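First comes the structure, then the notes that go with it.
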Amino acid sequence: ALFAGALKKIDGTDNIYQFSSEGMEYLTTPEVGDARVIGADPAKAKVVIIEFASLTCHYCQTMQPILDKIVKAHPNEISWVVKNFDRGSIDSELEQAAECAADQGKFNQMMDIMYAKQNDFFGTVQDADPKTALYNVIEKSAKEAGANSDKVLACVKAGTYADKVAKSTAQGQEFGVI
């Protein structure tokens with residue numbers, strides 16, 4: 001709702017918008033903290049995009065390649081800050097899997113693959129043993145991303161990043177992310 005009046009269609013379709021902050025005032029912005037940063041250092045970037053991303057969110061999935069393309073075109077000017085947002089169900093494990101892959105320098109690759117496999121993850125909820133099915137898809141995704149899948153899976157099962165995901169989610173809720 002905050003941005004509803006700020007977006008204007010610029011190509012006559014529902015796909016490309018121009019953002020205008022005219023007339024908007026912000027009292028605070030989310031802190032970068034320990035979020036994953038893609039592109040420029042937020043302290044030096046001309047533009048900083050802070051996204052509270054959920055790997056089960058279709059809109060996040062849709063925006064990911066667009067933001068990726070923008071940052072790749074302007075790597076020294078744009079900073080894309082990715083903060084975890086747990087919408088419930090399997091989201092926490094998925095967010096943690098991305099963080100665990102980041103330990104191996106494979107955050108971007110893991111996010112790309114997990115967004116591409118979003119339907120596979122939703123399918124695990126219907127499985128007779130949903131946790132095992134989820135872990136199997138996470139393991140396959142980690143392998144595809146070039147990460148050590150055993151380490152990623154052990155990290156997820158240990159809940160290594162559970163607190164980080166919970167704190168980032170709480171911060172997102174404070175800013176009205178739903």
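The values are calculated or read from the model by the stated rules, or taken from the named source; none is laboratory data. Because the structure is a prediction, the values reported are computed rather than measured. Note that we place each Cβ from the backbone using ideal geometry, even for glycine, and neighbour counts take in every protein chain shown. SASA here: full protein model, heavy atoms, side chains in, ligands and nucleic acids out. Shrake-Rupley method; radii C 1.70, N 1.55, O 1.52, S 1.80 Å.
Of note:
- Residue within the stretch 62-79 that is within 23 Å of Thr160 (Cβ to Cβ) and surrounded by 19 or more Cβ atoms within 10 Å (Cβ to Cβ) present: no
- Verdict on Glu139 being over 19 Å from Gln64 (Cα atoms) and either more than 15 Å from the chain's Cα centre (by Cα) or in a loop (DSSP other than H, G, I, E, B) (or both): yes
- Residue tally, condition within 13 Å of the chain's Cα centre (by Cα) and either at pLDDT 95 or above or over 18 Å from Val177 (Cβ atoms) (or both), over the stretch 37-51: 2
- Output for the stretch 27-65, where each listed residue is assigned to a loop (DSSP other than H, G, I, E, B) and charged (D, E, K, R): Glu31, Asp34, Asp41, Lys44, Lys46
- Search result, residues across the stretch 70-112 that are in a loop (DSSP other than H, G, I, E, B), touching a residue at least 40 places away in the same chain (Cβ under 8 Å) and farther than 18 Å from Asn136 by Cβ: Phe85, Asp86, Asp103, Gln104, Lys106
- Within the stretch 142-158, residues that are open to solvent by 100 Å² or more (accessible area, probe 1.4 Å) sit with their Cβ atoms under 7 Å from residues that are aliphatic (A, V, I, L, M), at 6+ positions apart or across chains, in these pairs: Glu144/Ile113.
- Single residue of the stretch 52-67 satisfying the filter (among the aliphatic types (A, V, I, L, M) and closer than 16 Å to Ser89 by Cβ) that is farthest from the chain's Cα centre (by Cα): Leu55
- Any hit, the stretch 119-131, residues being aromatic (Phe, Trp, Tyr), crowded, with 22+ Cβ neighbours inside 10 Å and touching a Leu at 6+ places or on another chain (Cβ under 9 Å): yes
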